[in-house]
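Engineer: This is the structure, below, for whatever I ask next.
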Amino acid sequence: MGKIGGFLEINRQDETSVAVKKRVKHYQEFTVPLKESEIKKQGSRCMDCGIPFCHSGCPLGNLIPDFNDMVHKGDWKRASEILHSTNNFPEFTGRLCPAPCEKSCVLGIIKDPVSIENIEKNIVERAFQNGWIQAQPPKKRTGKTVAVIGSGPAGLAAAQQLNRAGHNVTVFERDDEIGGLLRYGIPNFKLEKEIIDRRVDILEKEGIIFKTNVNVGVNYDIKNLDYFDAIVLCGGATKRRSLPIKGIEAKGVHQAMDFLTQQTKLVFNKDVDEDIISATGKNVIVIGGGDTGSDCIGTSNRQGAKSVTNFEIMPKPPKMRSESTPWPYWPLKLKTSSSHEEGCDRNWLINTKEFITDENGNLTALKTVEVSWDIVPGKRPQLVEKPNSEKIWECDLALLSLGFTGPENTLSDQLGIELDGRSNYKATNYQTNVPHVFTAGDMRRGQSLIVWAISEGREAARAVDEYLTSKSYLSSKGIGGDLPAM
């Protein structure tokens, strides 16, 4: 498996990026791929561990040492087959996943871990280039019908798996194009939308029916779902968290997803109903330090912001793995994204107290205070404000990137779905209290990763298949099933 001792003589090498001054002038992807020979070397760093912890680190249970070995040997087609046996959409995870597999890579104990995510992206891109990824419709149909509501990664994964099991699948999407979060929540410079389109084309050729601009329960009567033998709810966690402080209604305070969605539509010359949210020439403050906040920073820089500042209420993480999160756990350490590198003043332990406006209600500044966290074992951490630390920050545009509180209740109310203690759709083995209604992804588990969404969709599909046919040949996590690999 791999090259014996390869990890001792070959160092990790990642993709490089186009220079900042060039890439902020456009909205295309800007990574510079490694040569094939170098990718093969990176695959040879895999140690064929006795216990490959990368398997458990990956929510999909990807067979990582196996496809690394195929890359090392130059058998890219077999590598693609292995990768697709557990992951429907490695072109998404290979670009957007934070790679928990790499954080649990055994090599990471002593050296830089194997570059699993980049190897994954190279495998799937080579597979597309060589025409190995082809539509594979089922050989026979069961006659059962399934409605999948939501076309994000969970919905798409569930749809493909159920279609391959022979069921007739219809996917409903309330936006004008397929993709959910992938389409409008992820900036084009991180995921060019042609990447989504080529995969959707495969799914359509396999027999999946897609219906856009259909908001089930709003402009599509919920009673129409009675036609389907099973329903899979994959709508995501889309209730946005806000700040209950003075000035929140100011002109210039916007939710991050509104900003990102609008910009992606503008990239493709789509009409937007609302006023344009522009960072051009403005002092922008992004409140929230996660991936969405980072995307706002990158977008603001591309729009030509005068300045970009980022607030995070939590402490600044250490540069190295914290003792509180030892291997193979997810490490608590500072993450600097490509958007941060493009220009941003990052600030930690800052709490926003007020949005300051002029006489016309336009945002002009933010008032903040420095904070600390009082942590007592067994109790909920308490936020403590530092005396005499108030500060006024000049600001024309504030973007709220504060996460999501759960799924919307339109479907749960109309279908009679019970919620759990975190306001997610409650399910046992992905089945809700309404027997023929299932749920997966962020709608079931709360805001999470794309790789988790794909895993949820696959597992929910297996549960639905068992419900409809009493047994399922769909693959389970980390185990290739009897169905086609691609």
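Engineer: Of the residues that make up the range 385-404, is at least one open to solvent by less than 40 Å² (accessible area, probe 1.4 Å) and modelled with pLDDT under 95?
Structural biologist: yes
Engineer: Here is a list: Ser324, Ser242. Which entry is in a loop (DSSP other than H, G, I, E, B), touching a residue at least 40 places away in the same chain (Cβ under 8 Å) and surrounded by fewer than 22 Cβ atoms within 10 Å (Cβ to Cβ)?
Structural biologist: Exactly one residue qualifies, and that residue is Ser242.
Engineer: So, in the range 75-100, how many residues would count as being more than 11 Å from the chain's Cα centre (by Cα) and open to solvent by 30 Å² or more (accessible area, probe 1.4 Å)?
Structural biologist: Selection size over the range 75-100: 4.
Engineer: Can you give me the number of residues within the range 131-169 that are more than 18 Å from Ile196 (Cα to Cα) and out of contact with any helix residue (DSSP H, G or I) (no Cβ under 8 Å at 6 or more places or on another chain)?
Structural biologist: Final tally of qualifying residues: 7.
Engineer: Same structure, new question: Take the conditions within 24 Å of Gly152 (Cα to Cα) and outside any loop (DSSP other than H, G, I, E, B) and apply them to Arg78. Does it pass?
Structural biologist: no
Engineer: Looking at the range 327-338, which of the residues that are farther than 19 Å from Ser104 by Cα and in contact with a Lys or Arg (Cβ under 9 Å, 6 or more places away or on another chain) is most open to solvent (accessible area, probe 1.4 Å)?
Structural biologist: Across the range 327-338, the extreme among qualifying residues is Thr336.
Engineer: Could I ask something else about it? Restricting the range 34-74 to residues that are farther than 27 Å from Glu194 by Cβ and of a type in the set (Lys, Arg), which is surrounded by the most Cβ atoms within 10 Å (Cβ to Cβ)?
Structural biologist: Top of the filtered list is Arg45.
Engineer: Checking the structure you have, find out if any residue of the range 101-124 is open to solvent by less than 10 Å² (accessible area, probe 1.4 Å), within 19 Å of Glu456 (Cβ to Cβ) and either outside any helix (DSSP H, G or I) or among the hydrophobic types (A, V, I, L, M, F, W, C) (or both).
Structural biologist: no
Engineer: When you scan the range 160-209, how many residues do you find that are more than 18 Å from the chain's Cα centre (by Cα) and open to solvent by less than 20 Å² (accessible area, probe 1.4 Å)?
Structural biologist: The number of residues fulfilling the criteria is 14.
Engineer: Can you find even one residue in the range 137-150 that is in contact with a Pro (Cβ under 6 Å, 6 or more places away or on another chain) and not acidic (Asp, Glu)?
Structural biologist: no
Engineer: Looking at Lys265, Lys270, can you tell me which residue is among the basic types (Lys, Arg) and touching a helix residue (DSSP H, G or I) at 6+ places or on another chain (Cβ under 8 Å)?
Structural biologist: Step by step, each of Lys265, Lys270 is checked, and only Lys265 is among the basic types (Lys, Arg) and touching a helix residue (DSSP H, G or I) at 6+ places or on another chain (Cβ under 8 Å).
Engineer: Report every pair of residues separated by at least 6 positions or lying on different chains whose Cβ atoms are under 8 Å apart, first residue within the range 93-120 and closer than 10 Å to Ile64 by Cβ and at pLDDT below 95, second of a type in the set (Lys, Arg) and open to solvent by 30 Å² or more (accessible area, probe 1.4 Å).
Structural biologist: Pairs found: none.
Engineer: Within the range 405-422, take every residue that is at pLDDT below 95 and touching a strand residue (DSSP E or B) at 6+ places or on another chain (Cβ under 7 Å) and give me the one that is nearest to Gly457 (Cα to Cα).
Structural biologist: Only one residue tops the list, namely Gly406.
Engineer: Could I ask something else about it? I'm trying to understand the selection: among the residues of the range 204-223, which are assigned to a helix (DSSP H, G or I) and in contact with a strand residue (DSSP E or B) (Cβ under 8 Å, 6 or more places away or on another chain)?
Structural biologist: Within the range 204-223, Glu204, Ile222 qualify.
Engineer: Starting from residues that are without any contact (Cβ under 8 Å) to a residue 40 or more places away in the chain and within 28 Å of the chain's Cα centre (by Cα), keep the ones in the range 1-29 and report whichever is surrounded by the most Cβ atoms within 10 Å (Cβ to Cβ).
Structural biologist: Among those residues, the one meeting the criterion is Val18.
Engineer: Is it true that some residue in the range 129-151 is farther than 27 Å from Met443 by Cα, part of a helix (DSSP H, G or I) and either touching a strand residue (DSSP E or B) at 6+ places or on another chain (Cβ under 7 Å) or open to solvent by 10 Å² or more (accessible area, probe 1.4 Å) (or both)?
Structural biologist: yes
Engineer: Scan Ala485, Ala440, Ala461 and give me the residue that is modelled with pLDDT of 95 or more and closer than 20 Å to Arg199 by Cα.
Structural biologist: Within the list Ala485, Ala440, Ala461, the selection yields Ala461.
Engineer: Here's a follow-up. Tell me whether the range 294-310 contains one or more residues that are touching a residue at least 40 places away in the same chain (Cβ under 8 Å), in a strand (DSSP E or B) and crowded, with 20+ Cβ neighbours inside 10 Å.
Structural biologist: yes
The values are calculated or read from the model by the stated rules, or taken from the named source; none is laboratory data. Predicted model, so just to flag it, every value in this text is computed and none were measured. We place every Cβ from the backbone using ideal geometry, glycine too, and count neighbours over all the protein chains shown. Side chains are part of the model used for accessible areas, which takes the heavy atoms of the whole protein and leaves out ligands, DNA and RNA. Shrake-Rupley method; radii C 1.70, N 1.55, O 1.52, S 1.80 Å.
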